[in-house]
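Colleague: For reference, the structure I am asking about is given below.
The values are calculated or read from the model by the stated rules, or taken from the named source; none is laboratory data. Computed from a predicted structure; not experimentally measured. Every residue, glycine among them, receives a Cβ derived from its backbone with ideal geometry; neighbour counts consider all protein chains shown.
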Amino acid sequence: MKDLRFGIIGWGYWGPKIARNLDSLPNGSLAMVCDMDERRLASIRINQPWVRTTTRPEDVFASDVDGVVIATPVRAHYQLAKAALLHGKHVLVEKPLTANIAEAEELVALAKELDRVLMVGHTFEYSPAVNELRKLVQSGDLGKIYCVEAERVNLGLFRNDINVIWDLAPHDVSILLYLFGKTPEQIKVQAHAHLQSRICDIAHLDLSFADGMAAHIHVSWLHPCKIRRVTVIGDARMVVYDDTNPAEMIKIYNKGADVHADPGVSYRYGAITIPHIDWMEPLRLECEDFAHCIRTGSLPRANGEVGLQVVRVLAAAQEALEAQSDKAYPVMVS
Ligand SMILES: NC(=O)c1ccc[n+]([C@@H]2O[C@H](COP(=O)([O-])OP(=O)(O)OC[C@H]3O[C@@H](n4cnc5c(N)ncnc54)[C@H](O)[C@@H]3O)[C@@H](O)[C@H]2O)c1
């Protein structure tokens, strides 16, 4: 089997993590790294001198690499991904796919026309814990799903080109779409910029679905604790997925309430179950999917169309944020 050769554009925080995974694939290797900032490339020249380095993305497009990963800030995703596709490369773009809907639509159409793989870095769709949660949701064991609460908060990493919604919410939105296979009908947003002018660092998103299901997403760069939690509230069972607790990532609670019970509300306090999860690094599974789809021509789990759907939700959130009324309603003090 021919070895696949990969190029990465963007060697900041995330690029090296993808590189480590691509480079450890059987029949796959990191061949080229590009960053516009020459200083970032010094570590590769020392540690992996056989990997070609460049400050010019065009050198990657003109090279013989099969797949290109775009791990630059979001505003550069569209131009770089488009150029890579036009040079016949298969492309994995970091999340979110693009900074607006029109760009995402164009990339999806272009990849289809050129018969190239277009994938987006929705890493959590590859998490074994998220897949366990998905099985639970789809089995019907949780009963009717009332609502989902997602929290993704920590101190930083602050960005200055996009707000916290575009930075962190792609993960929660992609998890929601992946778990339930449906897109929200409406979205409301409350967000505030505390440390940088006009760049929100704390946001609450309220999503409502046609069947009455609700989802709340809280994302923040300004929080003392690292929390990455998704809670699914069903009428039969409730599940907490805690990505920061490797030993107990999924907990299933047999808990609930019946408000029509006679004589009063009856509460159910049953067992808590913690399923065993065979752990693999999600980013490794994501890279395997990219390589597999390049070889077979199949559609990645986090394909361009999925990336577009997430961008549609983020764009609706941005619109809701911009329309956020300045009108405040006074709290009546008697
Ligand atoms: N999937 C995940 O869990 C995950 C986690 C973190 C970041 N990300 C994504 O990865 C991407 C990069 O994030 P990061 O934290 O590494 O950012 P970063 O700022 O640390 O690094 C970005 C790098 O890209 C370089 N760059 C910018 N424009 C370029 C261009 N036109 N050509 C070549 N190089 C260019 C910069 O010099 C910088 O070194 C973002 O899209 C982010 O959303 C994904």
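Colleague: Can you tell me which residues in the stretch 88-97 are crowded, with 17+ Cβ neighbours inside 10 Å and away from the ligand (no atom under 11 Å from the Cβ)?
Modeller: Lys89, His90, Val91
Colleague: Tally the residues that are in a helix (DSSP H, G or I) and more than 21 Å from Val93 (Cα to Cα), restricting the search to the stretch 6-43.
Modeller: So the answer is 4.
Colleague: Only one of (1) of a type in the set (A, V, I, L, M); (2) more than 9 Å from the ligand (Cβ to nearest atom); (3) part of a helix (DSSP H, G or I); (4) closer than 17 Å to Phe290 by Cβ is not met by Val68, so which one is it?
Modeller: Among (1) of a type in the set (A, V, I, L, M); (2) more than 9 Å from the ligand (Cβ to nearest atom); (3) part of a helix (DSSP H, G or I); (4) closer than 17 Å to Phe290 by Cβ, Val68 violates only (3).
Colleague: Out of all the residues in the stretch 244-281, which are more than 21 Å from Asp141 (Cβ to Cβ) and either exposed (fewer than 10 other Cβ atoms within 10 Å of the Cβ) or touching a residue at least 24 places away in the same chain (Cβ under 8 Å) (or both)?
Modeller: Pro246, Ala247, Val259, His260, Asp262, Pro263, Gly264, Val265, Trp279, Met280, Glu281 - these are the residues of the stretch 244-281 that are more than 21 Å from Asp141 (Cβ to Cβ) and either exposed (fewer than 10 other Cβ atoms within 10 Å of the Cβ) or touching a residue at least 24 places away in the same chain (Cβ under 8 Å) (or both).
Colleague: Of everything in the stretch 48-98 that's without any contact (Cβ under 8 Å) to a residue 60 or more places away in the chain and of a type in the set (Val, Ile, Thr), which residue is nearest to Asn160 (Cα to Cα)?
Modeller: Restricting to residues being without any contact (Cβ under 8 Å) to a residue 60 or more places away in the chain and of a type in the set (Val, Ile, Thr), the top hit is Thr55.
Colleague: If you don't mind, there's one more thing I want to ask. Out of (1) assigned by TED's automatic domain parsing to the domain that holds Leu168; (2) not in a strand (DSSP E or B), the odd one out for Ala271 is which?
Modeller: (2)
Colleague: Filter the stretch 224-259 down to the residues that are part of a strand (DSSP E or B) and charged (D, E, K, R), then identify the one that is nearest to Asp201 (Cα to Cα).
Modeller: Here the residue is Lys226.
Colleague: I need a count of the residues in the stretch 22-45 that are farther than 23 Å from Arg284 by Cα and more than 10 Å from the ligand (Cβ to nearest atom).
Modeller: 2
Colleague: Separate question: Cβ-Cβ below 8 Å, separation at least six or inter-chain, first residue in the stretch 135-164 and among the hydroxyl-bearing types (Ser, Thr, Tyr), second surrounded by 13 or more Cβ atoms within 10 Å (Cβ to Cβ): which pairs?
Modeller: Tyr146/Met213; Tyr146/Ala214; Tyr146/Ile233; Tyr146/Gly234; Tyr146/Asp235
Colleague: Right, here's the next one. Applying the selection to the stretch 98-135, what residues are within 14 Å of the ligand (Cβ to nearest atom) and in a strand (DSSP E or B)?
Modeller: Met119, Val120
Colleague: Now, a different point. Against the definition (charged (D, E, K, R), closer than 13 Å to Ile8 by Cα, within 14 Å of the ligand (Cβ to nearest atom) and assigned by TED's automatic domain parsing to the domain that holds Asp23), how does Arg56 come out, yes or no?
Modeller: So Arg56 fits the description; yes.
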